[in-house]
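Comments concern the structure below.
The values are calculated or read from the model by the stated rules, or taken from the named source; none is laboratory data. All values reported here derive from a predicted model rather than from experimental measurement. Neighbour counts run over all protein chains shown; Cβ positions are idealised from the backbone, glycine included. Surface areas here come from the heavy atoms of the whole protein model, side chains and all, with no ligands, DNA or RNA. Shrake-Rupley method; radii C 1.70, N 1.55, O 1.52, S 1.80 Å.
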Amino acid sequence: MQTGAGEGDRTLVLSLGSSCSTIELHPREPLFYPPFSRHDKQEPSHLGGFLRWLPPSIFVVRDARKSYNDKIFVIIWYENVFRYIKRSLAGAMDYVAKSKKELGFTDNKDIQIESIKAIEVEQFRSFSNRVVELGTQMTVLVGRNGSMKTSLMGLIAHPFSSESEDAFGRKLKTTLKEVFKLSEIYDRNDYSYNLILKAVGEDELLKEPVKIYYVGDATNRHRVVVSGAEKGDGNFSYNTSFLNLKRLLPLVDTRARPDMGEEFSLTAKERAEQKNFYEFVLPSTEYSVFAPIHQKGQKTTFAPTGEHARYDYESISSGEDNLGAIFNKLIGFQRAFHKDGKAGNGIFCIDEFESSLHPVAQINLFRYLYDWSAKYRVQIVITTHSLHLIQDLYLNHKNNLDSNRVAINFVSGSSAAEDKNYPIIVNPEYQLAYQELTLERPEDVAGAQKIDVFCEDPIAIHYVKRLIKNAEVLKLVSFHSNLNQEAANGGTSYTSLANLCKNFSLLLKNSFVIFDADVPDGMTKSIKDKDTFMLLPDADNLALERRIICFILELPNNHDFFSRFKREKTAMMNDMKRAGIFSLTKADVMDEKKVPIGQCKNWVEKHEADFKKYVTYYCAQLEGREDFVSSFVDRINLINRRKGLPLVSV
């Protein structure tokens, strides 16, 4: 597959063969293409599914019956599709997996697993030809209720066996009944998916099938077959644990009791780690000693006890109960860990990760598990609906997302057809995730609480607006240049704005200042909080009025600029001289001593309407404009994060 830009970067060409076809993309129309496996190099004709895999908010395709075999596809630009497809293709179809026989393995149990790369779902309930990609440390499954996130996580955890045990003696193995109950009525179809994993010492990936099928009326049960029915087939040897919502069953509704006997005791090192774990997630001075709480097959957790505890085990919070269940499994993986070699230590799945936890505790728990997963070589898979956690991932884990240490698999409900074959999008834009989960655009939510932006004068405000250009971004802010609201006041000096930044930065917690480019360097250096201000862009730190004059003086007489505004260069220079500009030599204009800024401003005041048009023209060709826009949006997102509002993008 090859990609290339055309028509001034307004199209993208995907080349799969010699003949050619063109597909027009249109917003808000349904897609009905077969899905596309990012790991399948054998069927490039699944390009339609690849388009289906892209965020539905970007575009959809009109012609649902187009043939894709051996074609060249020209995709018409719509919003950010070109950038998104280029980024997506960079990671698509980047490896091939082989069977264990092709790699020389004979027995699944003898294969040392380094990590799980993905599962390719050929058919499971409404899913058909979908791929879930795992991060090397953390995998986050996101989607609306009923999008079968938990089922996907169960498929990841199930085809393994282990003799390792958690702190309460339960095997680190995930049985089918822990994941989902297959129906004797609705689950009679044959299901299949492929497990993609990396074996220790192998450069190529291993791909083995897992099949689930209904045995028959006589037994009324389902069988799971890994690889096949030959000698050496069956479950792989690997630690797994699947924590479902049963872990949150209230203690008062069980017969679970403390058990301080030797059977469930922790080592001194494990007790210290337990204290650190609770304090990291739920900072408190009340954690010292913990009692194991146990009812066989029903409840396994830990409860704070000892002289610092404020209540007995039956009254612990559901958040503490949740942490106790999680820590129990962490101990099991830690005890099974071997430092030597490269073998992975297993997969730990946590359903409804955020349940019973405050937003800050959710982030703390994720960060703890992120570090823990690297130390003990355990891949952690979670499901969540927490926008707070998702936003933190995009803000603080960008490098981890880019390097695949963290992977977000978004099960998209908005673009699913009637068959509920939900697209699974890997690391989508935050805006898509937000809109899917809230049914609102983040820009609309953020726009309801506008951010104040203070500039020196109306000319600076006009300049900023022409630099940004994007109406969706501009509606998020309110511009001001008159801080005392007196009609006679045409603006605010940079000294007053600098004083605001230096001495009253708290007043700018939800706003910021934009200085003209010619503000003295020492003035901004004395401002400690650099988040309170920005500078207008200019390579020579010139005021805008001075810059536009220099820009005009540099243009040749036959430049498009003069024909656009129907004025000769000589006529414009004549206006400049009449306004009192002492010299029309560019070097002199750039020198405040030879051409004071007051002379430049005088010319602007006499031709303000035309000047604003000149600024618009200048901004359109200004190099580095994108950097200013990006910084502007970053400043908005910094404030929105403080206010608990969603992030926005250009």
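Observations on the model:
- Cα Rg over Rh - segment 343-413, Kirkwood: 0.94
- Normalised per residue, the accessible area of segment 522-650 is 52 Å², obtained with a 1.4 Å probe and no contribution from ligands, DNA or RNA.
- If R0 is 56 Å, the Cβ-Cβ spacing of THR616 and LEU506 corresponds to a FRET efficiency of close to 0.95.
- Counting 0.36 nm for each residue step from SER403 to HIS480 and taking away their Cα separation leaves a gain of 23.6 nm.
- Accessible surface, per residue, of segment 420-517 when the full set of protein chains is kept, probe 1.4 Å, Å²: 44 Å²
- Paramagnetic label zone (point 7 Å from Cα along Cα-to-C-beta, GLU270; backbone N under 20 Å) in segment 159-194: 162-174
- Which of GLU120, GLU418 is most accessible, then next, and so on - probe 1.4 Å: GLU418, GLU120
- Each peptide in 225-231, 239-245 receives the mean, over its residues, of other Cβ atoms within 10 Å, and ordering these scores from highest gives 239-245, 225-231.
- Order of exposure, largest accessible area first, which applies to ASP340, ASP591 with probe 1.4 Å: ASP340, ASP591
- Gyration tensor verdict on segment 127-215 (Cα atoms; rounded if a/c is under 1.5, prolate if a/b is larger than b/c, oblate otherwise): rounded
- Between HIS385 and LYS469, residue separation times 0.36 nm minus the direct Cα-Cα distance comes to 26.9 nm.
- For VAL121, residues with placed amide H under 5 Å, excluding near neighbours: ARG130, VAL131, VAL132, ASN194
- Shown for segment 506-650: the carbon plus sulfur share of the solvent-accessible area, taken with all protein chains present and a 1.4 angstrom probe, equals 49%.
- One chain, two ends: ASN244 and ASN558. Fully extended at 0.36 nm per residue, the span grows by 105.8 nm beyond their Cα-Cα distance.
- Simple label model, 7 Å out from Cα along Cβ direction - LYS566 to GLU286, nm: 7.8 nm
- Cα gyration tensor shape of segment 447-595, rounded if a/c is under 1.5, else prolate or oblate by comparing a/b with b/c: prolate
- Computed over every Cα-Cα pair of segment 198-278 and binned at 10 Å starting from 0, the pair-distance distribution P(r) comes out as 11, 20, 26, 25, 18, 1 percent.
- Modelled spin labels at GLU605 and LYS342, positioned 7 Å past Cα toward Cβ, are 7.3 nm from each other.
- Carbon/sulfur fraction of accessible area - segment 375-495, other protein chains in place, 1.4 Å, %: 47 percent
- Residues with amide H under 5 Å from that of ILE113, placed H, sequence gap 5 or more: VAL200, GLY344
- Partners for LYS475 among lysines (Cα-Cα distance below 18 Å; same-chain residues under 8 apart left out): LYS450, LYS465, LYS643
- Whole-Hz Karplus values for segment 372-377 come out as 4, 4, 5, 5, 10, 6 Hz, taken residue by residue from phi with 6.51 cos²θ - 1.76 cosθ + 1.60 and θ = phi - 60°; glycine and proline positions read x.
- Label-point separation in nm, LYS525 to LEU176, each point 7 Å along Cα→Cβ: 7.3 nm
- Hull-based mean projected area of segment 401-517, where the convex hull spans the alpha carbons, in square nanometres: 11.2 nm²
- Using a Förster distance of 45 Å, the FRET efficiency for ARG642-VAL215 (Cβ separation, nearest 0.05): 0.20
- Accessible carbon and sulfur surface of segment 245-285 relative to its total accessible area, %, 1.4 Å: 56 percent
- Backbone amide hydrogens, once placed in the peptide plane, bring SER99 within less than 5 Å of LYS207, excluding anything fewer than 5 places away on its chain.
- Calculated FRET value between ILE597 and GLU279, using beta carbons and R₀ = 51 Å, to 0.05: 0.30
- Entry comment: accessible area of segment 271-372 is 41 Å² per residue, from protein heavy atoms only and a probe of 1.4 Å.
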